[in-house]
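Some notes on the structure that comes next.
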Amino acid sequence: MEELREEIISFPRVGEMAPSFEAVTTHGTLRLEDFKGSWLVLFSHPADFTPVCTTEFIAFSQAYPEFQKRGAELLGLSVDSVSSHIAWARNIQEKTGVKVPFPIIADLSKEVSIKYGMIHPGESKTETIRCVFIIDPDQVIRAILYYPLTTGRNISEILRIIDALQTTDKYGVATPANWQPGEKVIVPAPTTVEGAEERLKEGYECVDWYLCKKSV
Ligand code: BEZ
């Protein structure tokens, strides 16, 4: 337990390189490095054969083509065994017709869970909570979401974050609250007095010099 506490103190953070791992999955042994060049959504769930997790796996599986359109792969994780993951995925397909198309890590040793700070003892001392790590093609962690055991994730929000990050990378802009693809984006704020004056002449939609939007 002390060892777990020590490890938990050093959670990975946004903007840092994703911790490397090699893990047993339902698609064989996979390493973080196998995903280099793709976006990767690494997400943990508390346990196989549980109701909220099942609804999430159905939703992630149904949205898989949307992740692929964005060049993103999915990789699930829990501390259950590969046999349990396989049995659960088969059960989901048998009962709902939805095939789970992405690999699931069987983190029986908790090696990956501890590295990524996926166990939050206040929620559960033994299970991973609902974490989402959005990792870019250079394997930098770009966003992290934590949900409690009792709240199923919003898959549209995960796709929206990927859209926002890809828009930021492509155009050097930021995205406002509740932004959706196709909507105006935020032009970086000027850093000089001259820049602030110029900004207002550029034809952007501005609330003031520090908050201007444009279409991309
Ligand atoms: C669920 O997926 O339903 C669940 C799993 C662990 C704790 C609470 C709910």
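Could you tally the net charge around V140, taking each other residue with its Cβ under 15 Å from the Cβ of V140, Lys/Arg +1 and Asp/Glu -1?
Result for the neighbourhood of V140: -2.
Share of the chain's accessible area from carbon and sulfur, percent, 1.4 Å?
Carbon-and-sulfur percentage of accessible area, whole number: 51.
Which aspartates and glutamates have a Cα lying under 17 Å from the Cα of K95, excluding residues fewer than 8 positions away in the same chain?
D48, E56
Quote the FRET efficiency, to the nearest 0.05, computed for E157 versus T29 with a Förster distance R0 of 35 Å and r equal to the Cβ-Cβ distance.
E(calc), rounded to 0.05, equals 0.70.
By the scheme Lys and Arg +1, Asp and Glu -1, what is the net charge of all other residues having a beta-carbon under 12 Å from that of V79?
Here the charged neighbours net out to -3.
May I have the pair-distance distribution P(r) for the chain, computed from all Cα-Cα distances with 10 Å bins from 0 and rounded to whole percent?
P(r) for the chain, in whole percents per bin: 8, 30, 31, 17, 10, 4, 0.
Viscosity 1.306 mPa s, temperature 10 °C: Stokes-Einstein D of the stretch 125-216 from its Kirkwood Cα radius, in µm² per second?
Translational D for this selection: 103 µm²/s.
I want the local charge near T175. Using Cβ-Cβ distances under 11 Å, sum +1 for each Lys or Arg and -1 for each Asp or Glu among the other residues.
Taking every other residue near T175 into account, the sum is +1.
At 37 °C and 0.692 mPa s, grab the translational diffusion coefficient of the stretch 12-73 from Stokes-Einstein with a Kirkwood Rh over Cα pairs, rounded to a whole number in µm² per second.
For these conditions, the coefficient is 243 µm²/s.
Considering only protein heavy atoms, what per residue accessible area in square angstrom results for the chain with a 1.4 angstrom probe?
It amounts to 51 Å² per residue over the chain.
Taking loop as defined by DSSP and a crowding limit of 13 other beta carbons within 10 Å, which GluC sites (Glu not before Pro) in the stretch 144-216 fit?
Within the stretch 144-216, the qualifying GluC sites (Glu not before Pro) (loop, at most 13 other Cβ atoms within 10 Å) are E183, E202.
Could you work out the helix-only [θ] at 222 nm for the chain, with each DSSP H run of four or more residues adding -39,500 (n - 2.57) and the total divided by the number of residues, to the nearest 500 deg cm²/dmol?
Taken over the chain, the calculation gives -10000 deg cm²/dmol.
Check the straight Cα-Cα distances from K115 and name the lysines below 17 Å, setting aside those fewer than 8 residues away within the same chain.
Hits, sequence-local ones excluded: K125.
Show which aspartates and glutamates lie in cross-link reach of K36 when reach means a straight Cα distance below 13 angstrom and same-chain residues fewer than eight apart are skipped.
E73, D136, D138
Placing one identical point scatterer on every Cα of the stretch 60-173 and ignoring solvent, what is log10 I(q)/I(0) from the Debye formula at q = 0.12, 0.15, 0.18 Å⁻¹?
-0.49, -0.77, -1.08
Given the options G37, I92, A174, identify the residue whose Cα lies farthest towards the positive end of the charge dipole of the chain (+1 on Cβ of Lys, Arg; -1 on Cβ of Asp, Glu).
Ranked along the dipole, the leading option is I92.
The values are calculated or read from the model by the stated rules, or taken from the named source; none is laboratory data. As the structure is a prediction and not an experimental result, all values here were calculated from the model. Neighbour counts are summed over all protein chains in view; Cβ atoms, including those assigned to glycine, are modelled from backbone coordinates with ideal geometry. The protein model used for the area step is the full one, side chains on, heavy atoms only, and it has no ligands, DNA or RNA in it. Shrake-Rupley method; radii C 1.70, N 1.55, O 1.52, S 1.80 Å.
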